[in-house]
Amino acid sequence: MKSLVILSLLFAAAQGHGSYNSYGYGGYGGHHDYYAYRGYLPGPPGYVAEVEGDCGCCPPPCCCVCTETSIPQTTTTTTTTTTTTTTEEPVCHGLIEVCFILDSSGSIGDDAWPQALQFVSDICDRGFDVIGENGTRVGMVVYSTNATTEWALDDDITMDKASLLEAINSLELIGHFTNTAEALLKANTEVFNAPGDDLDIPNVAIVITDGKANFMLKKYEDLANALKNNKDTRVMAIGVTDQIEMDELEMIASEPADKNVFTVDDYDALQAILTSIIKTVCETVEKPEKPTTPKPEPPSIPPPIIEKECFCCCPPPPGYPDGCGNCAHMPFCKCP
């Protein structure tokens with residue numbers, strides 16, 4: 001029995017196979033001492049030992065093989081979406097000068113007068129975003145037998161919305177005849193072309209009347225044209241009740257008449273055209289210049305991440321079966 005064991009060991013040595021244990025192979029005598037190192041290698045021929053960072057202990061004839069992998073980094077771009085809610089009623093944002101020319105004759109009556117004031121108040125309250133020097137300034141001419149400039153564009157009343165609305169609702173009905181011509185003259189000389197009127201800001205005149213003019217008829221058309229020709233002032237004419245004359249309204253108003261002449265059956269119906277009046281006024285607003293917004297810089301792309309992996313490569317000695325055989329499950333590698 002003892003002699004059989006010895007014969008087996010001799011046969012194995014003749015075939016060039018060393019003994020393998022948990023530490024690797026020790027010596028390769030059967031391969032003509034190809035590996036001068038007789039200690040324990042990391043594994044059998046063809047074995048690749050992956051380690052963190054450098055290879056650490058990788059004795060010859062094994063070699064340390066390292067590979068580098070470039071992993072590009074990505075950038076995250078955040079997009080902000082702004083949702084704008086559109087209301088039914090337009091609002092004037094910007095600079096504009098408005099003069100109301102309000103008929104206060106006796107045909108209006110005490111019951112309808114508050115409705116007329118409410119209509120004017122609603123235009124100012126709901127139609128003008130800012131009242132004052134940085135927005136809309138409002139002048140007021142009220143007329144009956146004579147015309148009166150209640151306040152001009154430089155008055156403190158038109159410097160804030162609360163004061164303006166209070167002043168409008170405090171106006172009293174005069175209750176006599178209808179001198180529209182003189183009212184147009186007052187608007188053109190005491191509101192526009194007067195202290196407080198900025199030549200660079202557009203003008204809008206809104207005439208509200210319920211009947212035909214009784215005075216200054218020979219000068220009426222000339223005074224209407226003078227107002228319209230002043231800085232291309234936009235004149236809007238609103239006729240209330242069936243007592244108005246359409247030809248008179250068209251003479252007062254700027255062209256085209258279909259965009260600047262409005263009619264309603266009574267003062268109750270003024271609210272039905274409120275949105276249209278505000279929209280028409282807002283078309284004339286001097287829009288403030290939009291600030292220039294610099295384009296955002298494109299996101300910088302960070303350098304790629306380099307991952308390094310190192311292996312201790314132990315190629316098979318000459319005569320070892322080309323990486324197959326009992327080591328076929330091991331990755332195969334070559335030393336440079």
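The values are calculated or read from the model by the stated rules, or taken from the named source; none is laboratory data. Predicted model only: the values in this text are computed from it and were never measured. Don't worry about glycine lacking a Cβ; one is built from the backbone with ideal geometry, like all the others, and counts go over all protein chains shown. Just so you know, the surface numbers come from the protein's heavy atoms only, side chains and all, with ligands and any DNA or RNA stripped out. Shrake-Rupley method; radii C 1.70, N 1.55, O 1.52, S 1.80 Å.
Data for the structure
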item: Proximal charge balance of ASP197 [Cβ under 11 Å; K/R count +1, D/E count -1]; result: -3
item: Estimated distance in nm for a label pair at ILE305 and GLN271, the labels positioned 7 Å out from Cα along Cα-to-Cβ; result: 6.6
item: Residue-wise HN-Hα coupling along the stretch 135-144, computed from phi with Karplus coefficients 6.51, -1.76, 1.60 (Hz; x: Gly, Pro); result: x, 9, 10, 10, x, 9, 10, 10, 9, 9
item: Residues whose placed amide H lies under 5 Å from that of CYS99, excluding near-sequence neighbours; result: GLY139, VAL204, ALA205, ILE206
item: For the stretch 108-211: rounded, prolate or oblate by the Cα gyration tensor [a/c cutoff 1.5]; result: oblate
item: FRET E, pair LYS218, GLU297, Förster distance 56 Å, beta-carbon r, rounded to 0.05; result: 0.20
item: For GLU150, residues with placed amide H under 5 Å, excluding near neighbours; result: MET140, VAL141, VAL142
item: R0 of 25 Å, Cβ-Cβ distance ASP154-ARG126: FRET efficiency to nearest 0.05; result: 0.55
item: Burial ranking of peptide ranges 301-309, 264-272 (average Cβ count within 10 Å, highest at the top); result: 264-272, 301-309
item: Within-12-Å neighbourhood charge of SER121 [Cβ basis; K, R +1; D, E -1]; result: -1
item: Apportionment of accessible area to carbon and sulfur, the stretch 99-175, percent (1.4 Å); result: 39
